[in-house]
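The values are calculated or read from the model by the stated rules, or taken from the named source; none is laboratory data. Keep in mind it's a predicted model, so treat the numbers as computed, not measured. All Cβ positions, even for glycine, are placed from backbone atoms using ideal geometry, and neighbour counts span all protein chains on display.
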Amino acid sequence: MTLKGFVKTITYITGIFIVFLIFSGISYMIIDFLNKKNNVMDIGEYSPTSTLVVSETPTYKSKFPFIDVHSHHWDMPVKDLSKIVKEMDSLNMGYMINLSGSGFGVFSGKQKLMDINLTKSLQNVKENYPNRFGVFLNLDLNKIDDVDFKENNIKYIEDAVSQGAIGLKIYKNLGLNLRDSRNIRVPVDDDRLSHIWETCAKFNIPVLIHSGEPKAFFDPVNKYNERWLHAREKPNSFRPSDKYPSFNQVMYEQYQLFKKHSKTTFINAHFGWYGNDLAKLSKQLTELPNVYVEFGAIINELGRQPNTARRFFEDYQDRILFGKDIYKMDEYYIYFQVLETDDEYIEYYRKRHGLWRLYGMNLSDEILKKVYFENALKLFSNIDPNLFK
């Protein structure tokens, strides 16, 4: 092709592209105009101002000091703890547990780096605020078929406890996408992990475990899925059946884990994703005396069924711990409001977690004290009880 022909071709292609852009822009403006004219919008955009007139009790500080057993601070080795302590004081939080002491997610597959992260995290706490923070260790389970896997894990736990770690956090990759050397999914109750639970029982440290996801994350993403907006905004959160086990399968494996290792104390994170089925969770807690629950990231489930949730808290008041999950100070306010007040039609802070309003459970002072700090003090003897007097 001659230079003149080449230039002519490029000019032609450029012209077509410009026409396409102009046509697309015009089409977009027409569609946008028609949508506005016909009041058509995405469900994520719909944010109605309620005309309901009811009393509100904004709650910026908990009625009693509390222990948050479920928080994540991957940068704890270098974190300025003084800033977060000021925020904790304003919330009336006496003690916070960082479940990500080993920096999981940053050093996945590199246990030695995870151990360094844990040591530095514990050092930062000891040198600055030893009575305000607790740190959990994490383990890399990817090498489950290595010859020295068991021996190394036992040593990691022993070393972590000797340094001051107060528990073990197990992440949701176990049971979902963790695979062994044969590329077979590792079930939650896999016997190759039994030594981990036995070692934690030996050192009397609890295991906080996150298994699975909310049930809706396993269901088809269609107009019937109440987490459809979540699927649109965070599609990787969902677990299609062609790639993952079913919700019931993962939950069954977790139940079997708890049952087989009755001497180990487990904290079932996120109410075991049974916040939407408290009858099921009640049955499990009755059958499994070694299991506690915490409600990180599921206050929206409790707040839409205040009467049922209140009865659950009354029945299992000695087994429930306060947990928040991702740390953000102003999000605690909704937790306090749902737990402490009888407010109605409370707006939740994250729409994709559920397109519904919440209602206060108005828990008694006796139950609040247990949930806020008394139950946690039973599990963690290192926490200074004077912080809660």
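Does ILE97 fit the bill of being within 30 Å of LYS63 (Cα to Cα) and either in contact with a Cys (Cβ under 8 Å, 6 or more places away or on another chain) or of a type in the set (Val, Ile, Thr) (or both)?
On the way: within 30 Å of LYS63 (Cα to Cα): yes; either in contact with a Cys (Cβ under 8 Å, 6 or more places away or on another chain) or of a type in the set (Val, Ile, Thr) (or both): yes.
Considered against the rule, which asks whether it is within 30 Å of LYS63 (Cα to Cα) and either in contact with a Cys (Cβ under 8 Å, 6 or more places away or on another chain) or of a type in the set (Val, Ile, Thr) (or both), ILE97 comes out as yes.
How many of the residues in the stretch 341-357 are of a type in the set (A, V, I, L, M, F, W, C) and in a helix (DSSP H, G or I)? Summing the residues that are of a type in the set (A, V, I, L, M, F, W, C) and in a helix (DSSP H, G or I) in the stretch 341-357 gives 0.
Here's the yes/no breakdown for (1) surrounded by fewer than 14 Cβ atoms within 10 Å (Cβ to Cβ); (2) under 22 Å from LYS370 (Cα atoms); (3) modelled with pLDDT under 95; (4) in contact with a strand residue (DSSP E or B) (Cβ under 9 Å, 6 or more places away or on another chain):
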residue: ARG239; (1), (2), (3), (4): no, no, no, no
residue: GLN254; (1), (2), (3), (4): no, no, no, yes
residue: LYS263; (1), (2), (3), (4): yes, no, no, no
residue: GLY272; (1), (2), (3), (4): no, yes, no, yes
residue: LEU285; (1), (2), (3), (4): no, yes, no, yes
residue: ASN290; (1), (2), (3), (4): no, yes, no, yes
residue: VAL293; (1), (2), (3), (4): no, yes, no, yes
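Could you look through the stretch 302-319, keep only residues that are assigned to a helix (DSSP H, G or I) and of a type in the set (S, T, N, Q), and pick out the one that is surrounded by the fewest Cβ atoms within 10 Å (Cβ to Cβ)? Talk me through it step by step, then tell me what you get.
Residues of the stretch 302-319 assigned to a helix (DSSP H, G or I): 302-303, 306-315.
Now narrow it down to the ones that are of a type in the set (S, T, N, Q): 307-308.
On the way: ASN307: 9, THR308: 13.
In this case the residue turns out to be ASN307.
Just to be sure I understand the filter: pairs with C-beta atoms under 6 Å, separated by 6 or more residues or on different chains, first member in the stretch 242-265 and without any contact (Cβ under 8 Å) to a residue 40 or more places away in the chain, second member of a type in the set (D, E, K, R). Which pairs pass? What qualifies is PHE247/LYS215.
Of all residues assigned to the stretch 55-77, at least one qualifies as being over 25 Å from the mean Cα position of the chain (by Cα), of a type outside the set (D, E, K, R) and either modelled with pLDDT of 90 or more or not in a loop (DSSP other than H, G, I, E, B) (or both).
One residue stands out among those in the stretch 341-380 that are modelled with pLDDT of 95 or more and of a type in the set (Gly, Ala, Ser): the one that is surrounded by the most Cβ atoms within 10 Å (Cβ to Cβ), which is ALA376. Considering (1) farther than 20 Å from GLY323 by Cβ; (2) in contact with a strand residue (DSSP E or B) (Cβ under 6 Å, 6 or more places away or on another chain); (3) among the hydrophobic types (A, V, I, L, M, F, W, C); (4) outside any helix (DSSP H, G or I), the lone condition that ILE205 does not fulfil carries the number (1). Residues in the stretch 320-340 that are surrounded by fewer than 18 Cβ atoms within 10 Å (Cβ to Cβ) and either assigned to a loop (DSSP other than H, G, I, E, B) or polar (S, T, N, Q) (or both): ILE326, TYR327, LYS328.
Return yes when PHE322 is of a type in the set (A, V, I, L, M, F, W, C) and under 18 Å from MET96 (Cα atoms) and no when it is not. So that I can check it myself, show each step before the final result.
Working: of a type in the set (A, V, I, L, M, F, W, C): yes; under 18 Å from MET96 (Cα atoms): yes.
Criteria met by PHE322.
Of all residues in the stretch 127-139, which are of a type outside the set (Phe, Trp, Tyr) and over 13 Å from LYS79 (Cα atoms)?
First pass over the stretch 127-139, keeping only residues of a type outside the set (Phe, Trp, Tyr): 127-128, 130-132, 134-135, 137-139.
Within the stretch 127-139, PRO130, ASN131, ARG132, GLY134, VAL135, LEU137, ASN138, LEU139 meet the criteria.
Just for the stretch 144-177: of the residues that are basic (Lys, Arg) and touching a residue at least 24 places away in the same chain (Cβ under 8 Å), which one is surrounded by the most Cβ atoms within 10 Å (Cβ to Cβ)? Here the answer is LYS169. Looking at LYS259, LYS263, just one residue is in a helix (DSSP H, G or I) and charged (D, E, K, R), and that residue is LYS259.
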